[in-house]
Amino acid sequence: MTPLWTSAELRTATNGTLAADVAISGVSIDSRNVAPGDIFIALRDQRDGHEFVADALARGAVAAMVDHRPPGAADTTKLLRVADTLAGLTALGAAGRARAVARVVGVTGSVGKTTTKEMLRVTLGAFGVTHASAASHNNHWGVPLTLARLPREAAFAVVEMGMNNRGEIAPLSRLARPDVGIITSIGTAHIGMLGSQAAIAAEKGDIIAGITPGGTAILPADSAFLPELMTRARDAGLHVMTHGEAASADARLLSYQASPECGVAEVSLLGQSLTLHLGAAGRHVALNACAVLAVVKVLGLAPDVAGRALGDFTASAGRGAMRRIHVAGGEALLIDDSYNASVASVRAGLAVLAAQPATRRILAFGDMLELGAEGPAQHAALADDALRICDLVFCCGALSKHLFEALPTAQRGGHFPNSTSLAPALRDALKPGDAVLVKGSLGSRMGVIITALMAGEQVS
Ligand SMILES: Nc1ncnc2c1ncn2[C@@H]1O[C@H](COP(=O)(O)OP(=O)(O)OP(=O)(O)O)[C@@H](O)[C@H]1O
Ligand SMILES: [Mg+2]
């Protein structure tokens with residue numbers, strides 16, 4: 001089989017030196033996850049990756065990209081020496097993109113990037129070899145890493161692009177050069193860093209800067225920023241398709257019927273009616289499916305085949321996966337939505353909770369972070385939904401107090417300093433027949449609660 005990278009290609013792509021003749025089958029930036037045949041890239045983060053080069057080589061890496069001599073690595077012939085490893089990875093990503101035959105789909109937006117990316121992985125996988133970003137690898141190292149891993153024979157590539165600050169999306173998009181670029185939605189996530197929703201819209205719109213000439217921007221029909229995004233895309237000579245619920249949407253969600261663990265959506269794709277049997281619960285999944293179908297249309301693929309493939313997408317751990325857990329005297333339902341939270345995704349999660357045939361619906365909620373001055377108000381704003389849907393609400397963190405205190409006493413399960421202290425109280429409160437949604441920003445560490453509920457053990 002042709003290797004992902006040969007020594008000659010590595011040297012040319014990075015302008016580096018490498019003595020050994022190697023055949024690379026994968027790219028790794030974490031020595032703990034190195035697979036035999038990988039090249040290990042020694043990046044600097046909290047620790048300097050150069051410290052782990054010897055470990056990576058011992059675990060089967062056949063080369064390591066370095067910008068200085070790493071400690072303890074005996075075989076220097078396997079070192080690809082470059083001026084700077086992050087720049088080297090970026091160059092390798094650019095080379096991966098340049099040689100690719102794949103049609104490249106870029107995905108950005110305030111919420112739903114990874115979900116849409118995973119739905120595209122499943123859907124495009126029905127038509128040909130599909131490569132997609134791992135996890136949420138969507139930043140200045142995640143995007144080049146995704147491209148450096150892109151198999152030369154892949155038919156499709158799906159690249160997630162995210163941002164924390166203004167000015168980050170444009171360079172990522174110029175590197176990935178998507179043939180099709182999706183903006184899933186424009187919300188308020190990261191507003192603390194960007195200052196306003198208009199700035200967020202402008203930043204997401206920067207995906208347009210990298211879309212290939214004659215390519216297509218797939219834009220959110222329900223956003224107030226649609227007109228200016230459309231103008232930007234058209235001024236850049238791109239085609240435009242829209243997705244959402246608005247009557248004008250090219251890929252339009254006409255109706256959604258919720259079931260506990262899945263859902264049925266009626267969609268109109270440029271006038272063609274499709275019924276989708278979705279394998280994951282939530283109207284938000286149906287909305288993401290509209291964006292996926294828009295991509296399918298742009299790529300000239302068969303919508304009915306895509307529609308069937310979408311049924312194979314299931315919610316993943318941290319993003320809505322459902323599990324039955326043991327509680328005293330029986331079983332309860334756990335909805336593990338612990339990976340992330342913004343106002344839009346909490347509402348989406350609560351809608352899934354509402355669709356459960358449970359005796360009590362319970363929310364375990366940790367702070368939504370990176371909202372800046374808007375944090376308290378955005379937490380309090382969730383009270384109406386929580387009041388309507390939940391029988392009990394457990395909260396942890398300073399911001400969640402604004403939600404907790406807006407609820408009547410009968411619905412207050414308890415407020416705790418952190419997820420570790422919330423976990424045992426929640427476990428003790430759960431009764432057979434309950435459904436509990438666990439949700440919060442990654443930094444609120446709500447995963448601790450999932451572990452505790454699944455293990456049935458006390459967390460320390
Ligand atoms: N269209 C949508 N509208 C609202 N919520 C959504 C939508 N799509 C996914 N979600 C929910 O939002 C949360 C985050 O989803 P996801 O991880 O896909 O977003 P992301 O944009 O990749 O986030 P990140 O910025 O962390 O990479 C999950 O709880 C998910 O179920
Ligand atoms: Mg993501």
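Residue-by-condition table, conditions (1) polar (S, T, N, Q); (2) in a helix (DSSP H, G or I); (3) buried (at least 24 other Cβ atoms within 10 Å of the Cβ):
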{"site": "SER110", "(1), (2), (3)": "yes, no, yes"}
{"site": "LYS117", "(1), (2), (3)": "no, yes, yes"}
{"site": "VAL122", "(1), (2), (3)": "no, yes, no"}
{"site": "PHE127", "(1), (2), (3)": "no, no, no"}
{"site": "HIS137", "(1), (2), (3)": "no, no, no"}
{"site": "THR146", "(1), (2), (3)": "yes, yes, yes"}
{"site": "GLU153", "(1), (2), (3)": "no, no, no"}
Select from the stretch 1-30 the residues that are part of a loop (DSSP other than H, G, I, E, B), charged (D, E, K, R) and farther than 16 Å from LEU86 by Cα and list them in ascending order. ASP21
Which of the following residues is touching a Leu at 6+ places or on another chain (Cβ under 8 Å) and away from ligand 2 (no atom under 16 Å from the Cβ): ALA236, ALA221, ALA176, ALA201? ALA201
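Listed here are the residues, each with its yes/no results for (1) over 20 Å from LEU403 (Cβ atoms); (2) surrounded by 14 or more Cβ atoms within 10 Å (Cβ to Cβ); (3) within 16 Å of ligand 2 (Cβ to nearest atom).
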site: PRO417; (1), (2), (3): no, no, no
site: THR420; (1), (2), (3): no, yes, no
site: ALA423; (1), (2), (3): no, yes, no
site: LEU426; (1), (2), (3): no, yes, no
site: ALA429; (1), (2), (3): no, yes, no
site: LEU442; (1), (2), (3): no, yes, yes
site: ALA455; (1), (2), (3): yes, no, no
Among the residues of the stretch 288-308, is any among the acidic types (Asp, Glu) and closer than 30 Å to LEU453 by Cβ? no
Among the residues of the stretch 292-351, which ones are basic (Lys, Arg) and either free of Cβ contacts under 8 Å to residues at least 60 places away in the same chain or closer than 22 Å to PHE156 by Cβ (or both)? LYS297, ARG308, ARG319, ARG324, ARG347
Output for the stretch 347-356, where each listed residue is touching a strand residue (DSSP E or B) at 6+ places or on another chain (Cβ under 6 Å) and within 8 Å of ligand 1 (Cβ to nearest atom): GLY349
Against the definition (out of contact with any Cys (no Cβ under 8 Å at 6 or more places or on another chain), of a type in the set (Val, Ile, Thr) and free of Cβ contacts under 8 Å to residues at least 60 places away in the same chain), how does THR359 come out, yes or no? no
How many of the residues in the stretch 191-247 are more than 24 Å from ALA286 (Cβ to Cβ), in contact with a strand residue (DSSP E or B) (Cβ under 9 Å, 6 or more places away or on another chain), assigned to a helix (DSSP H, G or I) and in contact (Cβ under 8 Å) with a residue 12 or more places away in the chain? 7
Do we find that THR451 is of a type in the set (S, T, N, Q) and either assigned to a helix (DSSP H, G or I) or crowded, with 20+ Cβ neighbours inside 10 Å (or both) in this structure? yes
Among LEU363, LEU369, LEU353, LEU334, which is in contact with a Phe, Trp or Tyr (Cβ under 8 Å, 6 or more places away or on another chain) and either outside any loop (DSSP other than H, G, I, E, B) or within 16 Å of ligand 2 (Cβ to nearest atom) (or both)? LEU363
Please enumerate the residues belonging to the stretch 173-190 that are more than 18 Å from the chain's Cα centre (by Cα) and either within 14 Å of ligand 1 (Cβ to nearest atom) or hydrophobic (A, V, I, L, M, F, W, C) (or both). LEU175
May I ask you to say which residue of VAL111, VAL159 is in contact (Cβ under 8 Å) with a residue 24 or more places away in the chain, under 24 Å from LEU89 (Cα atoms) and either touching an Asp or Glu at 6+ places or on another chain (Cβ under 8 Å) or within 16 Å of ligand 2 (Cβ to nearest atom) (or both)? VAL159
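Readers should treat all values here as calculations from the given coordinates under stated rules, not as data from a laboratory. This is a predicted model, so every value here is computed, not measured. Heads up, the Cβs are rebuilt from the backbone with ideal geometry, glycines too, and the neighbour counts pull from every protein chain shown.
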